[in-house]
Amino acid sequence: MGVAGASPGRAGEHPGPVMDRDEVDRALARLGEEYEAIETSLLALQDHAGRRLLEGAELTGVTKDRWASTEQAITLLWNYFDAYSAALNSARELRARRRWPNRDDLVALTDRLRGPGVTVPSPAAAASPTLTGPAKLSERFSLEDLVSRMNQLYARSLDMVVAADAVWSALPARIDLLSAELQRTRSLAHSVGVRPGEHPAGDDLESITQELSALRAQVVSDPLAFWSPAPMSSAPGGGRPDTDRYDRAARALEDVRREIEAVLAVRQDSEERLLRLRDVLSRADRTLSEARSARGEVLAKIAASEVPAVSGPPTALQERLATAAEYRRHAQWHRLSPLLESLEREAEDELLRARESLTAVTAPLAVRAELRGRLDAYRAKVARHGMAEDPLLIERYDAARRMLWSAPCDLRVAGQAVLRYQQAAAEVLVPQQPGPHDRTGHQGES
């Protein structure tokens, strides 16, 4: 507002050398341009949407205090402008008296254009007297001093108005949009049984609702509490709305929305997941039954062997599976969701344990089968070399076979018998080999 870089004078300072006619005309033209710029700025401030909102709002906090100060500043601005306008018109009238002003006219014009000839009421006139005496009732300015003072008041007033308007333009609308999204999420949550006191997401929704309501009320009544001035900025309205509380509420709502979507996903695929769970638990049960049968067979057929015990069927998981089915029948999706997740993990673990139990129980039978296979493989090898009728081999083969095909079978003794047969076969077969290469090969096979 006005001319940037105008250097104010001090009240009571001598106006300096008498101006000539051309200097007077140039000064009047410049002051006229400043007048138009100031008037335009003041009218724009008067019509500013933020100022009108501030006038009609029930303000609180820092905004209430600053608006009270800004209203006084705006009133003072118009008083200063009226005084400036009167002083400028008076100088124009004096200049218009003569085409060629005389020295007295030029002295008077110099005093009016450069001297502290503008008297305005002091803003402290209405204040209580201080300890040092009563407040001054008026102040005197030169026109340039008055322009500088108006520029300062205007910048401070515009800064406050623009900041409040920026917050009101940004935050309430965003809060309303987030509140609408919150209502949609609440309706969706209610449809899947997510309610306050029954599910953490329901409690979170209640907390977000209260926060948004309180946030909107505070933004409307105290917008400057949500304004972050730009560092080192001297321009009016330099800064941005502070959206930290809004952003936290938005992130919290997004977390709840994802939780509700997870519950919805449970409603859509819960039947298929329950069927998969039943199948996994059924396979675990069958595997345990097979392990128990195999354990009885091992105890009957294998002697001197440590056979681990086999646990019973997963009844606890079956009971929880029945509970999950009950939740689904009663559409308690918020309870079904975490139960299904834990059941799926535990059912897979149960199936893995059942398989490991079967493997551990049948290990002696696997060892016996391996020994039988090794014995028959060496007998076939001996037969291919025409040594099947060797008396020592027949004797050791029959001894090993009786041990492996009798019950209960002592695996340790049977393993030693198979090893003795292998050694005998190796001793018989080595002399039959034509060269060291084949002998090494037979040794490798044994």
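The values are calculated or read from the model by the stated rules, or taken from the named source; none is laboratory data. If you're wondering where the values come from, they're calculated on a predicted model, not measured in any experiment. As a convention, Cβ positions derive from the backbone with ideal geometry for all residues, glycine included, and neighbour counts pool all protein chains shown. Heavy atoms of the whole protein, side chains included, go into the accessibility calculation; ligands, DNA and RNA do not. Shrake-Rupley method; radii C 1.70, N 1.55, O 1.52, S 1.80 Å.
Overview of results
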read-out: Mean separation of Cα contacts under 8 Å (6+ apart) over length of the chain, as relative contact order %; value: 13
read-out: Solvent-accessible area per residue for the chain (1.4 angstrom probe, square angstrom); value: 55
read-out: Cleavage-rule hits, chymotrypsin sites (Phe, Trp or Tyr not before Pro), segment 344-419, DSSP coil, Cβ neighbours within 10 Å at most 12; value: Trp405
read-out: Sulfur and carbon atoms: percent of accessible area, the chain [1.4 Å]; value: 51
read-out: Kirkwood Rh, angstrom, segment 262-307 [1 / mean 1/r, Cα pairs]; value: 13.3
read-out: Computed [θ] at 222 nm, deg cm²/dmol, the chain (DSSP H ≥ 4; -39,500 (n - 2.57); rounded to nearest 500); value: -25500 deg cm²/dmol
read-out: Cβ-placed point charges (K, R +1; D, E -1), dipole of the chain about Cα centre in debye, nearest 20; value: 1000
read-out: Highest-MSF residue in the chain out of Arg335, Arg401, Arg276 [GNM, Cα springs under 10 Å]; value: Arg401
read-out: Zero-based 10 Å bins, Cα pair distances in the chain, whole percents; value: 4, 12, 11, 10, 9, 8, 7, 7, 7, 6, 5, 5, 4, 3, 1, 0
read-out: Compactness relative to 2.2 N^0.38 Å, alpha carbon Rg of segment 235-379; value: 1.83
read-out: Under-5 Å amide H pairs with Gly239, H placed in peptide plane, nonlocal only; value: Ala230
read-out: Candidates Ala164, Ala262, Ala37, ranked by Gaussian network fluctuation over the chain, Cα under 10 Å, top entry; value: Ala37
read-out: Range in the chain, longest, excluding exposed GluC sites (Glu not before Pro) [loop by DSSP; at most 15 other beta-carbon atoms within 10 Å]; value: 59-197
read-out: Ordering of 146-153, 214-221 by packing [mean C-beta count within 10 Å, highest first]; value: 146-153, 214-221
read-out: Cut-off under 5 Å, modelled amide H: who pairs with Ala303 long-range; value: Cys409, Asp410, Leu411
